[in-house]
Amino acid sequence: MEQRRKERIDRGIKVRTDGLYALMSWRELGYLTLPRLVLIVGMLILPFVMPSMYWQRVISIVCIYALLAVSFDLLAHFVGLVSLGGALFIGVGGYISAIMNTSFGFPPLLAIPIATIAGAGICTLLLFPCLPLRGVYFAIVSLMYPLAMARVIEALDILGGTDGIMGIDSFPNRWIEQYFVILMVLLFLFGVRRLVNLDLGLVLRAVKDNDQAVRASGMNITFYKAVAVFFSSAMGCLGGACLVHIYMWSGISLFALDFSILPIAATVIGGAGTIVGPVLGCLILVPVSELLRDFGTLRIVFYSLILVAFIVFRSEGIMVYGQRKYHQIERWVKV
Amino acid sequence: MSDQPILEVKEATKTFGGILALNRVSFHVNEGEILGIIGPNGSGKTTLINCITAFIKMTSGKIFFRGKDISRKPAHKIADMGLTRTFQIMRPYYSLPAYKNLVIPLFSPRAKRTGGWRGGGKLGDRNTVGIDILEEIGFERDSFVPYKMASTLPTGYLKRLELARCLALKPEIILCDEVFSGLSMSEIASMVPLIERLQMDGIALVMIEHRLRELFRVARRIMVLNFGEKLIEGTPEEVMADEKVKEAYFGSAEEVEEVMTYA
């Protein structure tokens, strides 16, 4: 019996679009820009194609999870810190924005940037003690904080206690709400893609690859990890700040572990280390989870089944698979 | 130039639990000099380098770099002062191309201070400087080699990459941990002139080596370690003639005789 194997070859157009030559013809330019345009235009028209208010709200939630997923991907696959702190970022950003709005009277579009920066600073400070360590400590500590925060707020009855903070202003209207979060996702998506290829981003990737060599190069790895955590938590806090203004309420459910776990699942489905993959993962997972709401508590079971199926059959992730199909041709050749 | 040694180690001691890895080792390195450190396996050579560069903490002892006490400084501060090291087990950034490996040291505070190679516009200046350094160290500029992923490079190039990472920091002294080990004879032959050129550039070198012939070509002063203790220090001829050194490497005279009768 003759043996055959699959051979993968880069498409001619892929090779031609590496480097400056891409500018030579519209076809090559199109090949490069089409996937990006599909994503950008697709995201921008989403609010129009959604049938109801309910689904438009889902879009906003998708975007918030997408921010968290990008932030997880940045930390886990470009800096080597596995973060379970999505809930921490959401909670800190959300509460700061809520306080800014209710106590100081800042409008949402001013309170959100403040919450983003201040929240990122606070999260970085909180996580700073475990940055010099290698291993699972970062994951453990970042998981511990949201659990602790919720209990602290409950026990001390501060920040509204279990009732939460009510009467938070919403966005001026729902179009501004949706386009604000969509534009933020696109901004941070392309921003992070840019960041990891800058010299600073290379240093971060080097920390993941070989932190001892970075130390030997005369650089303080703790500082660079802190920089990465700052960027990452800024994205999460932005998401949290948007969330409280969407719900017009801020409570301890902001520290729910959904915000830590779902972005990781989205990253697995979308393709780890691709940055855009996690966004796609959220675009699939969050609506699916909404559709499964009819099943009540069985939702989690179906949800898990979908995840398991993905891990078994497409463990590389949608984005990696898609990129391969887009850039390469496969054919069977005789061995 | 002052006659003060560039690096001075006083009574460096390191214990791992009950094991005495380094026992009161003292030595100095002069400006622009090559000091060779040899010794059998497990004699504490790499531990010594790790202690000097603060990758592990010394139990006791003092280290002076240009007269300044650096025994309590963290590793990145020491590298920042110009005291750089290579790793015996190469530590490149495997996920990056060879020339991008050098962007990281070139991004460090020391390189920004000493290099002045930020000039040159926004178009990837660190990349071109990186390729320049790689060419200096023996990567062919016009070949694909500098652009290859570090994970696909052979040992010879990785050893050079280790040296290149030090050079990117404009070091004053490089502690080389077995740069010749794992290389073929021809690769070593092409490395030796490189080492000589570094010395001509005024960089002091501490070289841990097992390849004595090549080491003795470049180093005029040799220190021998055995079981964490300094046996002797001197010229290669003196060192090799010493009885204690022979004993450390081959065992005592009786043992050698015993082995030879069976051989």
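Among the residues of the stretch A:67-90, not a single one is farther than 25 Å from A:Leu200 by Cα and of a type in the set (D, E, K, R).
From the list B:Phe64, B:Phe55, which residue is within 17 Å of the chain's Cα centre (by Cα) and aromatic (Phe, Trp, Tyr)?
B:Phe55
Please report, ordered by residue number, the helices (runs of 4 or more DSSP H) entirely within the stretch B:189-263 with at least 1 residues that are within 20 Å of the chain's Cα centre (by Cα). First the steps, then the outcome.
Working: elements: B:212-218, B:236-241, B:243-250, B:253-262.
Because the criterion is at least 1 residues that are within 20 Å of the chain's Cα centre (by Cα), the helices (runs of 4 or more DSSP H) in the stretch B:189-263 that meet it are B:212-218, B:236-241.
Residues checked against (1) touching a Cys at 6+ places or on another chain (Cβ under 7 Å); (2) more than 14 Å from every other protein chain (Cβ to nearest Cβ); (3) outside any loop (DSSP other than H, G, I, E, B):
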| position | (1), (2), (3) |
| --- | --- |
| A:Ile182 | yes, yes, yes |
| A:Phe188 | no, yes, yes |
| A:Val192 | no, yes, yes |
| A:Val214 | no, no, yes |
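Filter the stretch B:80-97 down to the residues that are closer than 25 Å to B:Ile208 by Cα and among the small types (Gly, Ala, Ser) and list them by number. Reasoning before the result, please.
Residues of the stretch B:80-97 that are closer than 25 Å to B:Ile208 by Cα, as a first pass: B:80-94.
Listed by number, the list holds a single entry, B:Gly82.
Considering every residue within the stretch A:292-312, establish whether at least one is touching a His at 6+ places or on another chain (Cβ under 8 Å) and within 30 Å of A:Arg205 (Cβ to Cβ). Full working, then the answer.
First, pick out the residues of the stretch A:292-312 that are touching a His at 6+ places or on another chain (Cβ under 8 Å): none.
No: the stretch A:292-312 contains no residue that is touching a His at 6+ places or on another chain (Cβ under 8 Å) and within 30 Å of A:Arg205 (Cβ to Cβ).
Taking the criterion of being crowded, with 22+ Cβ neighbours inside 10 Å and either part of a helix (DSSP H, G or I) or at the interface with another protein chain (Cβ under 8 Å from one of its Cβ atoms) (or both), the residues of the stretch B:92-106 that qualify are B:Pro92, B:Tyr93, B:Ala98, B:Tyr99, B:Lys100, B:Asn101, B:Val103, B:Ile104, B:Pro105, B:Leu106. Might you let me know whether the stretch B:30-50 holds any residue that is under 16 Å from B:Leu175 (Cβ atoms), surrounded by fewer than 21 Cβ atoms within 10 Å (Cβ to Cβ) and either free of Cβ contacts under 8 Å to residues at least 12 places away in the same chain or of a type in the set (Gly, Ala, Ser) (or both)? Within the stretch B:30-50, one or more residues are under 16 Å from B:Leu175 (Cβ atoms), surrounded by fewer than 21 Cβ atoms within 10 Å (Cβ to Cβ) and either free of Cβ contacts under 8 Å to residues at least 12 places away in the same chain or of a type in the set (Gly, Ala, Ser) (or both).
I'd like to know if the stretch A:275-293 contains one or more residues that are at pLDDT 90 or above, touching a Cys at 6+ places or on another chain (Cβ under 6 Å) and assigned to a helix (DSSP H, G or I). Within the stretch A:275-293, none of the residues are at pLDDT 90 or above, touching a Cys at 6+ places or on another chain (Cβ under 6 Å) and assigned to a helix (DSSP H, G or I).
For the stretch A:39-62, state whether one or more residues are touching a Gly at 6+ places or on another chain (Cβ under 6 Å) and either surrounded by 15 or more Cβ atoms within 10 Å (Cβ to Cβ) or of a type in the set (A, V, I, L, M, F, W, C) (or both). Looking for residues that are touching a Gly at 6+ places or on another chain (Cβ under 6 Å) and either surrounded by 15 or more Cβ atoms within 10 Å (Cβ to Cβ) or of a type in the set (A, V, I, L, M, F, W, C) (or both), one finds none in the stretch A:39-62, hence no.
Based on this model, can you work out whether B:Glu209 counts as within 22 Å of B:Ile173 (Cα to Cα) and not aliphatic (A, V, I, L, M)? Yes. Those helices (runs of 4 or more DSSP H) of the stretch A:8-96 in which at least 3 residues are closer than 26 Å to A:Leu195 by Cβ, considering only elements entirely within it, cover A:26-49, A:53-74. Looking at A:Ala155, A:Ala148, just one residue is surrounded by fewer than 15 Cβ atoms within 10 Å (Cβ to Cβ) and more than 27 Å from the chain's Cα centre (by Cα), and that residue is A:Ala155. Considering only residues that are assigned to a helix (DSSP H, G or I), within 30 Å of A:Glu28 (Cα to Cα) and touching a helix residue (DSSP H, G or I) at 6+ places or on another chain (Cβ under 9 Å), which ones fall in the stretch A:311-322? Listed by number, the residues that qualify are A:Ile318, A:Met319, A:Val320, A:Gly322. Taking every residue in the stretch A:295-310 that is in a helix (DSSP H, G or I) and pairing it with any residue that is surrounded by 11 or more Cβ atoms within 10 Å (Cβ to Cβ) and charged (D, E, K, R), at least 6 positions away or on another chain, yields no pair with a Cβ-Cβ distance below 9 Å.
Could you please find all residues in the stretch A:202-212 being facing another protein chain (nearest Cβ under 7 Å), within 13 Å of B:Arg91 (Cβ to Cβ) and hydrophobic (A, V, I, L, M, F, W, C)? The one that is facing another protein chain (nearest Cβ under 7 Å), within 13 Å of B:Arg91 (Cβ to Cβ) and hydrophobic (A, V, I, L, M, F, W, C): A:Ala206. Scanning the stretch B:1-29 for residues that are in a strand (DSSP E or B) and surrounded by fewer than 19 Cβ atoms within 10 Å (Cβ to Cβ) yields B:Glu8, B:Lys10, B:Glu11, B:Thr13, B:Thr15, B:Phe16, B:Ile19, B:Leu20, B:Asn23, B:Arg24, B:Ser26, B:His28.
Would you check if there is a residue in the stretch A:327-335 being under 22 Å from A:Val268 (Cβ atoms) and either out of contact with any helix residue (DSSP H, G or I) (no Cβ under 8 Å at 6 or more places or on another chain) or loosely packed, with under 14 Cβ neighbours inside 10 Å (or both)? No, there is no match, as no residue in the stretch A:327-335 is under 22 Å from A:Val268 (Cβ atoms) and either out of contact with any helix residue (DSSP H, G or I) (no Cβ under 8 Å at 6 or more places or on another chain) or loosely packed, with under 14 Cβ neighbours inside 10 Å (or both). Residue-level check: of (1) more than 8 Å from chain B (Cβ to nearest Cβ); (2) surrounded by fewer than 19 Cβ atoms within 10 Å (Cβ to Cβ); (3) modelled with pLDDT under 90, A:Asp199 misses just (1). Among the residues of this structure, A:Ala120 counts as one that is crowded, with 20+ Cβ neighbours inside 10 Å, within 20 Å of A:Val192 (Cβ to Cβ) and within 20 Å of the chain's Cα centre (by Cα). Yes or no: the stretch A:237-252 includes at least one residue that is facing chain B (nearest Cβ under 9 Å), outside any helix (DSSP H, G or I) and crowded, with 24+ Cβ neighbours inside 10 Å. No, the stretch A:237-252 contains no residue that is facing chain B (nearest Cβ under 9 Å), outside any helix (DSSP H, G or I) and crowded, with 24+ Cβ neighbours inside 10 Å.
Taking the stated definitions as given, is A:Val181 within 30 Å of B:Phe55 (Cβ to Cβ), aliphatic (A, V, I, L, M) and modelled with pLDDT under 95? Write out each step before concluding.
On the way: within 30 Å of B:Phe55 (Cβ to Cβ): no; aliphatic (A, V, I, L, M): yes; modelled with pLDDT under 95: yes.
So A:Val181 does not fit the description; no.
Could you tell me whether any residue of the stretch B:130-148 is within 14 Å of chain A (Cβ to nearest Cβ), assigned to a helix (DSSP H, G or I) and not hydroxyl-bearing (Ser, Thr, Tyr)?
Taking the stretch B:130-148 first, the residues within 14 Å of chain A (Cβ to nearest Cβ) are B:130, B:133, B:144, B:147.
From the residues that got through so far, the ones that are assigned to a helix (DSSP H, G or I) too are B:130, B:133, B:147.
Checking which are not hydroxyl-bearing (Ser, Thr, Tyr) leaves us with B:130, B:133.
Yes, because at least one residue in the stretch B:130-148 is within 14 Å of chain A (Cβ to nearest Cβ), assigned to a helix (DSSP H, G or I) and not hydroxyl-bearing (Ser, Thr, Tyr).
Here is a list: B:Val129, B:Val179, B:Val145. Which entry is crowded, with 21+ Cβ neighbours inside 10 Å, β-branched (Val, Ile, Thr) and at negative phi? I'd like the intermediate steps shown before the answer.
Working: B:Val129 fails: crowded, with 21+ Cβ neighbours inside 10 Å; B:Val145 fails: crowded, with 21+ Cβ neighbours inside 10 Å.
Criteria check complete, one pass: B:Val179.
Taken over the stretch B:157-178, the criterion of being in contact with a Ser or Thr (Cβ under 6 Å, 6 or more places away or on another chain) and part of a loop (DSSP other than H, G, I, E, B) is satisfied by B:Leu169, B:Lys170, B:Pro171.
In the stretch B:124-146, the residues that are touching a residue at least 40 places away in the same chain (Cβ under 8 Å) form Cβ pairs under 9 Å with partners that are among the aromatic types (Phe, Trp, Tyr) and outside any helix (DSSP H, G or I), at six or more places apart or across chains, as follows: B:Val145/B:Phe139; B:Pro146/B:Phe139.
If I ask for residues that are touching an Asp or Glu at 6+ places or on another chain (Cβ under 6 Å) and either crowded, with 19+ Cβ neighbours inside 10 Å or in contact (Cβ under 8 Å) with a residue 60 or more places away in the chain (or both), which ones from the stretch B:64-86 would you list? So that I can check it myself, show each step before the final result.
Pass one, the stretch B:64-86, residues touching an Asp or Glu at 6+ places or on another chain (Cβ under 6 Å): B:64, B:82, B:86.
Passing the criteria: B:Gly82, B:Thr86.
The values are calculated or read from the model by the stated rules, or taken from the named source; none is laboratory data. All figures in this text were calculated on a predicted structure; none of them were measured in a lab. Here the Cβ is made from the backbone with ideal geometry for all residues, glycine too, and neighbour counts use every protein chain on show.
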